[in-house]
C-alpha cells in the first residue's frame, strides 16, 4: 500500500459521532418520500459535497438518474423533462457556484410553472460565511424565484429529524405541483465523512410515507354567473395563451363552439395542434390584427383569456388599443399575468374548472351573432393560404418556411420545442393548425434564449415520442454544453437550426435604423463559428439544408436516425427582414382584397335588396 | 418603403412624454460619473432592453467596450479583467434570465473581493410581475452576494434624478472598491422608446462630477502592541493565503525577516513569485506538514495570517490540530475568513497597514530563536529538490510536472491563471518560488470549476502581459463559450489543458474506494469529447504535448504565437493518483532522511560536547 501521507489531498477523516448508517438513513427518509410523492427522475451534477444524495439516487434502481456536467444546462434539462412528464424532477448539485448556475432555469421554471425540486448540497453551518472552499450563501439563494425554500438541519441521528425530512420531501413535491406549479429549493448541509461503508441490515428511516392531497380549485359561482352574463350573445374571443403542457384543448374549443367565438391559439397554448375541434381555431391573428380593414371591424366586445399573455405583440397591442373590451383573464390565486393592464375581471380558477363550469350552463341560444365566428374563420383561411402562397413564391431560403416544413414533417405524438427570439415568432405566424397530436413547447416564462437546447434534450429524455427543436444560432451556442447530454444518454434529438450568424430579431427593431452606426457590432453580433464543426464535436450528424423548400423530407429522414441530428438552414439577417415583409405583405394584401370583395358583394347584395 | 404593417414585430412606438434627449441624458449622468470615478472598461451582452446603456458605451470612445454573447462567461470575463487591472469593470445585460446568468460570477467576485459594477437592464415598474416577456424579479436579485444594490427610477426628465444618478454611479464605483472590494448591482428600468434620433446640441446632464475619497484603514494601536508582544522572540509563521491581486510582497517578507519567521506562501498570495525577498519564502509546506518528524517538531507558537485561508488542506489541518498556537488573522471589517475556527485574535486592518505598523516597531532583538527560520528553509529546500527529482525520475506524463514546466517557461511580467480542482493543488505542491514578476491568480472565492476560462480571457484583455491558463478538461468544457471572446477580440491566450477525461480530483477522495460501484459514472464522469476539435471550433491552435517532459519550450513557443493556443496534456486519472503518491512519497522520504541525518549529526555533536 502506498504511503497514505503521500496523498496530496488526504486529510484525517474524523470518526463520525453518528451511529453507523444514521447519515444515510436521514437522506433516505427524504428520498424515499420523494418516491412516495411520485418523483422518479433526478438530474445530477458531479461533486463531492453532494455525495450522500448522489449515492442514494445512483444506487437505488427505483430512480432514473441523469448525469450532466454543466449545472446551467442541467437545470434546463430537468425543466424540459419535468414539463414533458408533467411531474416534478429533482435536480442535484454540489455546494458553491454550482448552485448559482441553476438560477436561470429556476427563474424560467417559476415563470413557466414547471415543478422542479432543486436539491443543493451545502457545507454544514460551522463552515458557512467563514471563507471555507466551495461555500457560498445558499440559504434562500433563489429569492422570490421559488415557491418554497428550506434549509435542512445536518443529520444528527435522531428519529425526529428523519420524520421531519419525510415531511419536507412530501411538502416540497406537493408545493412544486400545486398551482401555479414551480421550483422548490431544499438546501442540504452535509458534514464529513460524506460516506461510510455500507451498513449490514440497515434500519429503515423513522416514520412512514406522507400523503399530501391537493385541493380542488374552482371559480366562485357568482363569478361564473357574471361571466356567462357578460359572454352570452356577445361578439367575443377566446384567447388561448402559452401554457406549459398545454391548456385543456377539447374543453376550450367546446366553450368556443358554444359561444360562437373563435379561439385565437398561441402556438404554445396546446390548441394549435391536436385532435380537438380545430374548426374554431384561428392561427393567423398576428396578420389579421395588423390589417386595418379587419382590425377596425372585428373588435370584440368580450375576451376570455386562458394561459399567459400571447406571444403575438400585434394581437396584444390591438386588444390593448380598445379599452372598451370587457376583458376576462382566468388564472389561479397568486398569479397576475397581465402585462398590458387591460383586464376587467381577473377570474380566479384554472382553465379546466372554468371551462367545465361554462359548459354546464351554456345553451344553444348563447352564441354570438351569426357570422361572427365565420368572418374570423374566413379571414383566417384567406390569410393562412396567402402566407403559404407567399412563402411558396420565394425561390430562396426563408426562415418563415421552417414552420411550414415542420408542419408537414412532424408525426403524430411528436414534440416541437421552439426557441425564443425569431423561431417562436415565425412559428406563431407561419405554423398552421395541425390535426395531429403535436406538442409545441417553448420557454416563454422569461423568454430568454438561454437553456433552450437543454429543455429539448430533457424533453427527449422523457421518452414520450420524437422531439424536434427549432432554434436560432445564438440560442444554440448559448446552451452549447446542453448538447453533450444527447450522446451521453443515448437520446434522439432532431434540431432545425436557423443560422443567420447573429441576432436576427434585432433587425426588426428601431435599433437597426436609429443606431445604424453601432448596429452590426452590438446587436447583429455575428459569431463567425462553423456550426457543422460544433455539431461534430458532440458526435452529431449535420445536414445543410439547401434550396428554398423541401426540408420536410430531411426532417422526416432525420427523425429516422438515432442520436443528435442537426439540419442547418443558412439565412441572411437583412434579407430575412425583407422576405418577412414580402410574404406578410402578400398575406395582408390578400386579406384586404378578400375583405374588399366581401364588402363589395355585401354592398351589391344590399344594393340588390334596395333596388 | 415596404409596408410597415407587414413587419411581423413592429409595434406602435408611442411618442415619449419626455423632452428630446432627456432619456439619454439620464443615462449619461450615470456613465459620465462612472468615467469620473475611474471606470474605463465595460463588458456588454447583446439585448434590446439594455439599448440605452449599450449605445452610450458603444458611441463614447472614452469607453473600452467588450462584447460577449454568453452572460455567464461575460461575468467571469469582467471579473478577470477587473482583477488584472485592480479597478471596477462594468457589466451590462438585457432584462430577464440574462441577468440570472451573472450570478456565478457575482458570487465569485464577492468572495474573491473583485470590484464589479453589474448593470442590469430591466422593464419599467408597470411591466414587472405581470407576465411581461423577458421580465423577472431583478430587484436585489443577487441577494447577499453584492456589497450594495439599488433599483433606479425610470427617467422622468427631472434634473434632480440626473444628479441622483451621478451620486448612485459614484457610490457604486466607490463601494465596489472599498475593502473588501466586491460586486455592486444597479438595476436600470427602461421604458420604450429605447432610443431616439440624436439631439442636436444636447444639454449636458445636470449636476457635476462627484468625488468619493476612501477612508484609510489602520489597525488599532493597542492591537498592534499586543501583536508585537505576542510575536517578539517567538517561533512563528507568516501564513500568506490567497488574495486577488496579491498581498504586498515586500512588506510581508520584510516583516518575516525582522521576526525571523518563514512565510508559507500560497501560490495565489502574490508571494510565490516576484522580486521581493524570496529567501524567507517556503513553498513546500503541503509536504512538510505531512511528514510526522517535521510536523511534530516545527509547531509554531504564533501564526500571523494575511489573505484567505490557504489552499493546502494539509497545512490547514496541521495548524488546526494544535489549538495552543496563538493564531492571528488580519482582515478588514466585516470579513471572517476563518474556516477552521482556530483564530485567537482577529486583527482588523489590511495587510499593508499591519505590516507597516509592525516594521516601524520591530527591532533586531525581536527575531525568533536562532535556527527556526533556517530549519524551515533547509527542510523546504530538501523537499523542493526532491519533488523536482521525483518528477524528473518519471518517464511518463505526470500532471504535477505541468507547474514545473510553467516555472521554466513563464517570462517576467506574465500572469498564470490557475484552475480549481487539481491544477491549483498541483501548483501549490509543485510550483517553486520564482524570482520573476509572475502573477498567479485563481478563483478561490467559491473555488468552482466554472468560469475559469473567462477569467483568463478577461486577464488577457487587460493587455498587461502574456497570460497562461492551467486548467483541467471539465473546467475547460464548463466555460467553453468563454473561448469565443479570444478570437472575437483579437486576444492572445495560451492554455495548458490537462485532459484526463473527467474529474481527476475525485480519485483522491474516499468516494473512489467506498463508492467504487458508482464511482466512474458519478464522479469519474468521462466526457468523451475530442478537445482538439473543441479548440478548432474557436479558431485556436492545438498542440498535443508528448512525452514526459520538455513542455516548457512548447509553452514558450505558444507565447510567441497570436490568438488562442492550446497545449493539451493527456493523462489518466487512476494513474495520476499513483504518480502523485510516488513523487510525493519520494519527497517525504528525502525529508525524513534529511531530518534523521540532522538529528544524528546534532546527536553526535552533543555527544562530542559531553564526551
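The values are calculated or read from the model by the stated rules, or taken from the named source; none is laboratory data. Here the structure is a predicted model, which means the values were calculated and not measured. Neighbour counts run over all protein chains shown; Cβ positions are idealised from the backbone, glycine included.
Got a number for residues in the stretch A:272-318 being farther than 25 Å from residue B:135 by Cα and touching a strand residue (DSSP E or B) at 6+ places or on another chain (Cβ under 7 Å)?
The number of residues fulfilling the criteria is 9.
From the set of residues in the stretch B:216-255 that are within 18 Å of residue B:435 (Cα to Cα) and in contact (Cβ under 8 Å) with a residue 60 or more places away in the chain, which is farthest from the chain's Cα centre (by Cα)? Talk me through it step by step, then tell me what you get.
Going through the stretch B:216-255, the residues within 18 Å of residue B:435 (Cα to Cα) turn out to be B:240, B:245-254.
From the residues that got through so far, the ones that are in contact (Cβ under 8 Å) with a residue 60 or more places away in the chain too are B:240, B:245-248, B:251-252, B:254.
Details: B:240: 15, B:245: 8, B:246: 10, B:247: 13, B:248: 16, B:251: 21, B:252: 20, B:254: 25 Å.
Residue satisfying both the conditions and the ranking: B:254.
Please determine, by comparing only the residues of the stretch A:440-454 that are under 18 Å from residue A:111 (Cβ atoms) and part of a helix (DSSP H, G or I), which one is farthest from the other protein chains (Cβ to nearest Cβ).
Ranking the qualifying residues of the stretch A:440-454, first place goes to A:454.
Quick one: how many residues across the stretch B:68-93 are touching a strand residue (DSSP E or B) at 6+ places or on another chain (Cβ under 6 Å) and facing another protein chain (nearest Cβ under 9 Å)?
1
Would you check which residues across the stretch A:186-213 are surrounded by fewer than 17 Cβ atoms within 10 Å (Cβ to Cβ) and modelled with pLDDT of 95 or more and list them?
Residues satisfying the conditions are A:208, A:209, A:211, A:212, A:213.
Provide a single number: the residues in the stretch B:544-558 that are surrounded by 15 or more Cβ atoms within 10 Å (Cβ to Cβ) and within 20 Å of residue B:502 (Cα to Cα).
Matching residues across the stretch B:544-558 total 1.
I'd like to verify a number: residues in the stretch B:90-122 that are under 26 Å from residue B:179 (Cβ atoms) and touching a helix residue (DSSP H, G or I) at 6+ places or on another chain (Cβ under 8 Å), how many? Quick ask: steps written out before the conclusion?
Taking the stretch B:90-122 and keeping what is under 26 Å from residue B:179 (Cβ atoms), we get B:90-92, B:102-120.
From what's left, touching a helix residue (DSSP H, G or I) at 6+ places or on another chain (Cβ under 8 Å): B:90-92, B:102-110, B:112, B:114-120.
Total meeting the criteria: 20.
Going by the conditions given, is residue A:459 at pLDDT below 95 and either outside the structural domain of residue A:69 (by TED's automatic domain parsing) or in a loop (DSSP other than H, G, I, E, B) (or both)? Quick ask: steps written out before the conclusion?
On the way: at pLDDT below 95: no; either outside the structural domain of residue A:69 (by TED's automatic domain parsing) or in a loop (DSSP other than H, G, I, E, B) (or both): yes.
So residue A:459 fails the test.
Among (1) touching a helix residue (DSSP H, G or I) at 6+ places or on another chain (Cβ under 9 Å); (2) at the interface with another protein chain (Cβ under 9 Å from one of its Cβ atoms), which single condition is residue B:127 missing?
Of everything listed in (1) touching a helix residue (DSSP H, G or I) at 6+ places or on another chain (Cβ under 9 Å); (2) at the interface with another protein chain (Cβ under 9 Å from one of its Cβ atoms), residue B:127 misses just condition (1).
Using the structure shown, decide if residue A:457 is more than 14 Å from every other protein chain (Cβ to nearest Cβ) and either touching a helix residue (DSSP H, G or I) at 6+ places or on another chain (Cβ under 8 Å) or within 14 Å of residue A:417 (Cα to Cα) (or both). Give the derivation first.
Numbers: more than 14 Å from every other protein chain (Cβ to nearest Cβ): yes; either touching a helix residue (DSSP H, G or I) at 6+ places or on another chain (Cβ under 8 Å) or within 14 Å of residue A:417 (Cα to Cα) (or both): yes.
The answer is yes for residue A:457.
If residue B:395 satisfies all but one of (1) outside any helix (DSSP H, G or I); (2) closer than 25 Å to residue B:467 by Cβ, what's the number of the condition it fails?
(2)
Is it the case that some residue within the stretch B:279-292 is in contact (Cβ under 8 Å) with a residue 40 or more places away in the chain, touching a helix residue (DSSP H, G or I) at 6+ places or on another chain (Cβ under 8 Å) and either surrounded by fewer than 17 Cβ atoms within 10 Å (Cβ to Cβ) or not assigned by TED's automatic domain parsing to the domain that holds residue B:228 (or both)?
Scanning the stretch B:279-292, I find at least one residue that is in contact (Cβ under 8 Å) with a residue 40 or more places away in the chain, touching a helix residue (DSSP H, G or I) at 6+ places or on another chain (Cβ under 8 Å) and either surrounded by fewer than 17 Cβ atoms within 10 Å (Cβ to Cβ) or not assigned by TED's automatic domain parsing to the domain that holds residue B:228 (or both), so the answer is yes.
Does residue B:112 satisfy the condition of being under 16 Å from residue B:446 (Cα atoms) and without any contact (Cβ under 8 Å) to a residue 60 or more places away in the chain?
Working: under 16 Å from residue B:446 (Cα atoms): yes; without any contact (Cβ under 8 Å) to a residue 60 or more places away in the chain: no.
For residue B:112, the condition - under 16 Å from residue B:446 (Cα atoms) and without any contact (Cβ under 8 Å) to a residue 60 or more places away in the chain - is not met.
Can you name the number of the only condition in (1) touching a helix residue (DSSP H, G or I) at 6+ places or on another chain (Cβ under 7 Å); (2) on the phi > 0 side of the Ramachandran plot that residue A:295 fails?
All conditions are met except number (2).
Would you call residue A:152 at pLDDT 95 or above and closer than 26 Å to residue B:511 by Cβ?
Values: at pLDDT 95 or above: yes; closer than 26 Å to residue B:511 by Cβ: yes.
When the stated conditions are applied, residue A:152 passes them.
Scanning the stretch B:145-158 for residues that are more than 36 Å from the chain's Cα centre (by Cα) and surrounded by 15 or more Cβ atoms within 10 Å (Cβ to Cβ), which turns out farthest from the other protein chains (Cβ to nearest Cβ)? Before you say what the answer is, go through the steps one by one.
Narrowing the stretch B:145-158 to residues more than 36 Å from the chain's Cα centre (by Cα): B:155-158.
Applying the additional criterion that residues be surrounded by 15 or more Cβ atoms within 10 Å (Cβ to Cβ) yields B:155, B:157.
Details: B:155: 17, B:157: 19 Å.
Result: B:157.
Select from the stretch B:153-185 the residues that are assigned to a loop (DSSP other than H, G, I, E, B) and in contact (Cβ under 8 Å) with a residue 40 or more places away in the chain and write down the one among them that is nearest to residue A:244 (Cα to Cα).
So, considering only residues that are assigned to a loop (DSSP other than H, G, I, E, B) and in contact (Cβ under 8 Å) with a residue 40 or more places away in the chain, the one nearest to residue A:244 (Cα to Cα) is B:155.
What's the number of the only condition in (1) over 18 Å from residue B:272 (Cα atoms); (2) touching a strand residue (DSSP E or B) at 6+ places or on another chain (Cβ under 8 Å); (3) more than 9 Å from chain A (Cβ to nearest Cβ); (4) in a loop (DSSP other than H, G, I, E, B) that residue B:437 fails to meet?
The number of the failed condition is (1).
Yes or no: residue B:375 part of a helix (DSSP H, G or I) and within 14 Å of chain A (Cβ to nearest Cβ)? Full working, then the answer.
On the way: part of a helix (DSSP H, G or I): yes; within 14 Å of chain A (Cβ to nearest Cβ): no.
Spelling it out, it is not the case that residue B:375 is part of a helix (DSSP H, G or I) and within 14 Å of chain A (Cβ to nearest Cβ).
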